[in-house]
Amino acid sequence: MDYRNLGMTGVKVSVICLGTMTWGEQNSQDEAFAQMDYATGQGVNFFDTAELYAIPPKAETYGRTEEVIGNWFEKSGRRKEVILATKVAGPAPHFSWIRGGQSALTRAQIREAAEGSLKRLKTDYIDLYQIHWPQRPVNSFGKLGYGEKEVTGGESDGILEVLHAAQSLIAEGKVRHIGVSNETPWGVMTYLSHASSITLPRIVSIQNPYSFLNRSFEVGLAEIALQEQVGLLAYAPLAAGVLSGKYLDGKIPKGTRWDIDPRGSRYKRPKTDEAVRAYMDVAKKHGLDATQMAISFVCRQPFLTSAIIGATKMDQLASNIAASAVKLSDEVLADINAVHALIPNPCP
């Protein structure tokens with residue numbers, strides 16, 4: 001297992017991060033325990049979760065994934081072996097069960113969320129506390145189009161509020177480092193600017209989507225990640241399972257994410273099947289497993305800190321973790337980039 005620096009912290013995290021959002025919905029607690037046991041046995045020392053999980057989000061499963069992780073910490077006694085990341089939900093008026101419908105990113109709400117997570121996780125500190133999505137309107141979760149109506153005023157002040165909340169939690173030892181998720185280049189640079197100008201906590205990571213079907217991170221954020229040492233935590237390296245080919249031709253296997261999540265998928269786009277088939281053909285040509293090729297490609301990026309993988313079955317988990325050791329030749333990379341040139345970012 002390869003390990004990389006988490007920003008400028010000196011903390012080393014595994015290049016594979018164990019994603020958890022299926023625990024408490026698609027996976028039972030016993031299955032989650034087995035996943036944590038296996039992953040740590042393979043050298044994975046980094047877990048990512050969120051107060052919102054399990055997915056799909058609903059009142060009866062809110063916070064359940066954190067509870068499962070907390071129960072594993074209590075049973076195993078292995079809290080100190082894990083770099084633990086969780087997230088505070090941003091504004092979500094349609095998720096009225098989150099903190100009583102008060103999910104604005106104010107100091108009081110961020111504190112309430114952090115303390116709720118600490119209780120569920122049965123720990124007294126969070127290694128990496130992330131803003132799940134921004135307070136302001138941004139293009140995330142597949143949204144496109146941006147104009148004057150999205151600029152509501154006070155966006156910079158909202159980021160300042162988040163940093164002051166983080167500063168207090170860090171001073172109290174409840175949080176060690178902070179990161180962002182579903183963020184834009186403007187947002188990341190504003191966080192960094194505030195941190196340097198008035199000595200507030202510096203973000204250490206950006207958790208955004210990155211996969212064959214969405215390489216938009218490369219356009220603006222990759223340069224920031226490298227120049228500022230704020231690396232990518234890539235979620236959905238398999239495009240929420242789409243790159244496995246299981247959803248080709250309109251198939252929706254029973255029990256899969258597309259089967260249980262009524263919100264639809266950002267990866268269901270006109271060019272999706274064409275792109276997936278093309279990448280699967282590259283893998284077949286070179287004798288590679290298609291999903292391992294996809295994860296390996298993400299892991300080799302210089303702006304990446306860790307790729308967040310998730311699985312509902314143990315054989316999937318084993319394959320995904322092993323993908324970090326798969327080497328891609330120059331010929332494979334050339335074929336991958338040829339597909340990307342023909343079908344660029346079909347699922348932004």
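Read-outs: derived from the displayed coordinates by stated rules, not from any lab. All values reported here derive from a predicted model rather than from experimental measurement. In this analysis, Cβ positions are derived from the backbone assuming ideal geometry, glycine residues included, and neighbour counts consider all displayed protein chains.
Which entries of K268/K327; K246/K268; K80/K313 have Cα-Cα distances beyond 22 Å here?
K268/K327; K80/K313
Let me know the shape class of region 155-218, please: from the alpha-carbon gyration tensor, a ≥ b ≥ c as square roots of the eigenvalues, rounded when a/c is under 1.5, otherwise prolate if a/b is greater than b/c, or oblate. Walk me through the numbers before you get to the answer.
Numbers: a/c = 2.80, a/b = 1.73, b/c = 1.61.
Prolate.
Restricting to Cα pairs below 8 Å that are 6+ residues apart, what does the relative contact order work out to for the chain? Please round to a whole percent. Spell out each step's value before the answer.
Numbers: 617 pairs, mean separation 62.9, N = 348.
It rounds to 18 percent for the chain.
How large is the convex hull of the Cα atoms of region 1-51 per residue, expressed in Å³ as a whole number?
Value for region 1-51: 76 Å³ per residue.
Classify region 125-281 from the C-alpha gyration tensor, please: rounded if a/c falls under 1.5, else prolate or oblate depending on whether a/b exceeds b/c. Mind showing how you got there, number by number?
Working: a/c = 2.16, a/b = 1.93, b/c = 1.12.
Because a/c hits 1.5 or more and a/b exceeds b/c, region 125-281 counts as prolate.
Relative contact order, percent, of region 119-224 when contacts are C-alpha pairs under 8 Å separated by at least 6 residues?
On the way: 120 pairs, mean separation 31.4, N = 106.
With pairs under 8 Å counted, the relative contact order is 30 percent.
Enumerate the residues in region 162-190 having an amide nitrogen under 14 Å from the point lying 7 Å beyond the Cα of F95 toward its Cβ.
In region 162-190, the label zone of F95 (backbone N under 14 Å from the point 7 Å along Cα→Cβ) covers 181-182.
Extending each Cα 7 Å along its Cβ direction at E223 and S196, get the distance between those two points in nm, one decimal.
Distance between label points: 1.5 nm.
Roughly how many nanometres apart are two label points built 7 Å out from the Cα toward the Cβ at T106 and R263?
About 2.4 nm separates the two model spin labels.
Dipole of the chain (Lys/Arg Cβ +1, Asp/Glu Cβ -1, origin at the Cα centre): which of S96, L6, V298 lies farthest to the positive side?
S96
How high is the FRET efficiency from H164 to W186, r the C-beta distance, R0 22 Å, rounded to 0.05?
Computed FRET efficiency for H164 and W186: 0.65.
Can you pull the one-decimal nm distance between simple spin-label points at D30 and A318, each 7 Å off the Cα toward Cβ?
1.9
Helix-derived [θ] at 222 nm for the chain: sum -39500 (n - 2.57) over DSSP H runs of at least 4, divide by residue count, nearest 500?
Values: 11 runs with 130 residues, N = 348.
Rounded to the nearest 500, it is -11500 deg cm²/dmol.
What value in Å³ per residue do you get for the convex hull of the alpha-carbon atoms in region 252-348?
Working: hull volume 12.3 nm³, N = 97.
With only Cα atoms used, region 252-348 gives 127 Å³ per residue.
Can you tell which of G179, A334, G43 lies farthest toward the positive end of the dipole of the chain, using +1 and -1 charges on the Cβ of basic and acidic side chains (Lys, Arg; Asp, Glu)?
After comparing all options, I get G43.
Which value, in debye to the nearest 20, describes the size of the charge dipole of the chain about its Cα centre when Lys and Arg Cβ atoms bear +1, Asp and Glu Cβ atoms bear -1, and nothing else is charged?
Values: 37 positive and 37 negative charges, 60 e Å.
Once rounded to the nearest 20, the dipole reads 280 debye.
Is the C-alpha gyration tensor of the chain telling us rounded, prolate or oblate? Criteria: a/c under 1.5 is rounded; beyond that, a/b larger than b/c is prolate, otherwise oblate. Walk me through the intermediate numbers first.
Working: a/c = 1.45, a/b = 1.26, b/c = 1.15.
Rounded is the answer for the chain, as its axis ratio a/c remains below 1.5.
Go through A32, H286, N139 and say which Cα lies farthest out towards the positive end of the charge dipole of the chain; charges sit on Cβ, +1 for Lys and Arg, -1 for Asp and Glu.
A32
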